[in-house]
Structures are given as C-alpha cells and as structure tokens.
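One structure below.
The values are calculated or read from the model by the stated rules, or taken from the named source; none is laboratory data. This is a predicted model, so every value here is computed, not measured. Heads up, the Cβs are rebuilt from the backbone with ideal geometry, glycines too, and the neighbour counts pull from every protein chain shown.
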C-alpha cells in the first residue's frame, strides 16, 4: 500500500513529453481524455493561517506579509515565462489560496487568464481552500473569475483530531464552506480527508466518510497519514510525545474500508487516493499521472517540461526578489537519466487503478522501454500476480494495487534487477 500519495497539488515526480499519436486503448479508459500536446499550469500560494503538524510542503505561516505583492510576483513570473504557458488545466494550490482577499484572488485569476490566454469556464480551473478562510466573498470571486472546481481541505470532522494536528477549523466551518461554494455556483467540489490517524478504528473512519458523503461532493481525496522527515509530527513521534503509526494490517483495513464506503456512495476509485462520480475526475491530476507536461509558478513550485525538471526558490521573499528583478526564480534544474524518467512514469501511471501506464508513451518520453530496462523484474511481478500487461498497457492487479509501494521499490533506480 502506498503510505502517502504524492500530493496532487505539488507533484515531485517528473512526467514527460506529450505525444501526437493517439493511444489505441484511450477510448477504453474510464477517465476523461486530455490533449497529448497540452501543458497544465500549477500555481503555488505558499501562505497558511498556521502550518499543520504533518505538512512537509512549502507552506509558510502568514504573519501579515503583503499578499497583494505576492500576487504581483506570481504574475511577474507568468510574464517572464509566458511562452511556456498555454494551459489545458489550471490548479491553484498551496499553502492556502483562499487566504487571499477576494479582490486579490480575482486579480490573480484575471491576470493569469490575460497572460496565458485561457478563458474562465473553458478549461478545468481548480482552487484549493481551507474551511476557515473560504467565505462567501472569496468563493464568489473565485467562481466569477474563472474557477470551476474547488478542493476543500477538511481532513477530519472530529474536533479532537483537528486540534491534535493543528488544523485551524472545526466541523461547523466545513459545512459553512461547502454552502458558500455551492451558493457561488461551484458544481465540482472535492473534499480532502486524512485517514489512519494513530488509534483510528473503522467506526471513526466510517463516521468521517459518512459526514463527507452527506455533503454530496463530486470527488473525494483520501490520504493516509504519513510521518514525513523534519515535520513537527515526526519530531514529536521520535521524542515519544506522539504515538507511532498503527500496524500495517490495521492501516490496510482502513484503506480497503475507504474504497468500499466510497463505492457504496457512488464514488469510484480511479487513483490510489482519489474517488469520483463519473466524469468528475480531476483532469489536472490526470495530466500528472498520465505523464503530460506541466509548468509550476510560485515559491517552491515544481514543474516538468521537455525533459527538464525544475523547482523554484522556496522562501517567498527570495522568490519575490528574483522575479521583480526579472530573473528566473528556478532554484533547481535537472535532466534526469532515462531510467529515472521511465521509473517516474511507472510510479505515476500505476497509481491509476484501471488505466495504468501506456508503455509506448513511456518509451517516447524516456527513450527506453520499461520492458527492456526491467525485463526479469516485470516478468516476476507478473508471475506473482502483482502487475498485468494488457496489450501495451501495464496495470497493477488488485493485489498489486494494495502493495504498490513494494512493487515500485523493486523497480526503483538503484535496486538490483
């Protein structure tokens, strides 16, 4: 089982070049199609009311920093890189984009549309929000200025759990935020939940999922809690001030319970941690998992395009200084070797439960065929019933999907084959 899925709003695994040739099996895929030439746009807003104990993303507690200046910085970077930007999806993540005042959020969306040429309503445009900062004015501004999908960071409906992980909202704010989103006209709503808190039992999980489903979202993202290096949560665990993760058997039980309860509610699992009603799958995240290009704007934003992986400066003030001086804010740029690229494509694509990985695309991106890079290991994985090859498409089996971490470990660069 994948202990913690890569967060869709800020992917770290590179994905690769687009391809003009249509896939023979594309019509059979249950998820929406995307332009193989297309580029997706991720915009990172790094500020939060407070930093959650488990968070290892580039997030900074807001202490009165000028948010309008930061919007100016993002738009300045967009102008510097305008030639790269013709997005087929847009995703504003963080951090907490809903922390922006309504007028600044509107200005950001309008500015991006002007620079990139996309029209609000013409492509999927997602904004992440937290319940404590999504009011009616913010939701209305987002919707009126082009956002058509909203992703709300709920995590849990239990007040004691929210307090334990330094979340800044309570269950009542979740209900109010959903009402504000619907009143503003959002017809595509995702709720983020976290499960497998130490000590969580099936009844607790059922209660959280039940309350989420009762709000009638079109999409649910359910992530297993993980202890990431350097986070306050991990430091507290290591010091004996916080309990460790429950045994894997218990966590697998909750993982399967999540799938079952979502299915009963009409939400089909299409990716390790994502569930949707038919047609409501997140197109932006599908672009990552299908190995299409994306550009990342903002402090700490990652991107992958034309074989190059890059990440921006993380500290907001350093990022702002660079773009206002007309400099590229990239802190890291690299071109991974073919084997690494091929592995990253498998790592992303095998997360798609039914769709899997289209191998000819991987070969065009990486320059190598995974079947030639890992011939013996892929054959063993097939014999063990963990993966299956259907034509040119590689998928994890039902058993392999549960054990996906183990499958990927056996293929990782540096692993003897």
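So residue 36 ticks every box in (1) touching a helix residue (DSSP H, G or I) at 6+ places or on another chain (Cβ under 9 Å); (2) within 15 Å of residue 167 (Cα to Cα); (3) modelled with pLDDT under 85 but one. Which box is left unticked? For residue 36, the exception is condition (2).
Residue-by-condition table, conditions (1) touching a residue at least 40 places away in the same chain (Cβ under 8 Å); (2) in contact with a helix residue (DSSP H, G or I) (Cβ under 7 Å, 6 or more places away or on another chain):
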residue	(1), (2)
56	yes, no
61	no, no
80	yes, yes
89	yes, yes
95	yes, no
111	yes, yes
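Would you be able to say whether some residue in segment 190-211 is at pLDDT 95 or above, assigned to a loop (DSSP other than H, G, I, E, B) and surrounded by fewer than 21 Cβ atoms within 10 Å (Cβ to Cβ)? Scanning segment 190-211, I find no residue that is at pLDDT 95 or above, assigned to a loop (DSSP other than H, G, I, E, B) and surrounded by fewer than 21 Cβ atoms within 10 Å (Cβ to Cβ), so the answer is no.
Report yes if residue 263 is closer than 22 Å to residue 40 by Cα and in contact with a strand residue (DSSP E or B) (Cβ under 8 Å, 6 or more places away or on another chain), otherwise no. Walk me through it before giving the result.
On the way: closer than 22 Å to residue 40 by Cα: no; in contact with a strand residue (DSSP E or B) (Cβ under 8 Å, 6 or more places away or on another chain): yes.
No, not satisfied.
In segment 329-341, is there at least one residue being in a strand (DSSP E or B), surrounded by 23 or more Cβ atoms within 10 Å (Cβ to Cβ) and touching a residue at least 40 places away in the same chain (Cβ under 8 Å)? Lay out the reasoning, then the answer.
Going residue by residue through segment 329-341, those that are in a strand (DSSP E or B) are 330-334.
Filter again for surrounded by 23 or more Cβ atoms within 10 Å (Cβ to Cβ), leaving none.
No, the conditions are met nowhere in segment 329-341.
When segment 135-175 is filtered for residues that are touching a helix residue (DSSP H, G or I) at 6+ places or on another chain (Cβ under 7 Å), in a helix (DSSP H, G or I) and farther than 22 Å from residue 222 by Cβ, the ones remaining, listed by number, are 136, 137, 138, 139, 140, 141, 142, 143.
In segment 349-356 there is at least one residue that is part of a helix (DSSP H, G or I), under 21 Å from the mean Cα position of the chain (by Cα) and buried (at least 22 other Cβ atoms within 10 Å of the Cβ).
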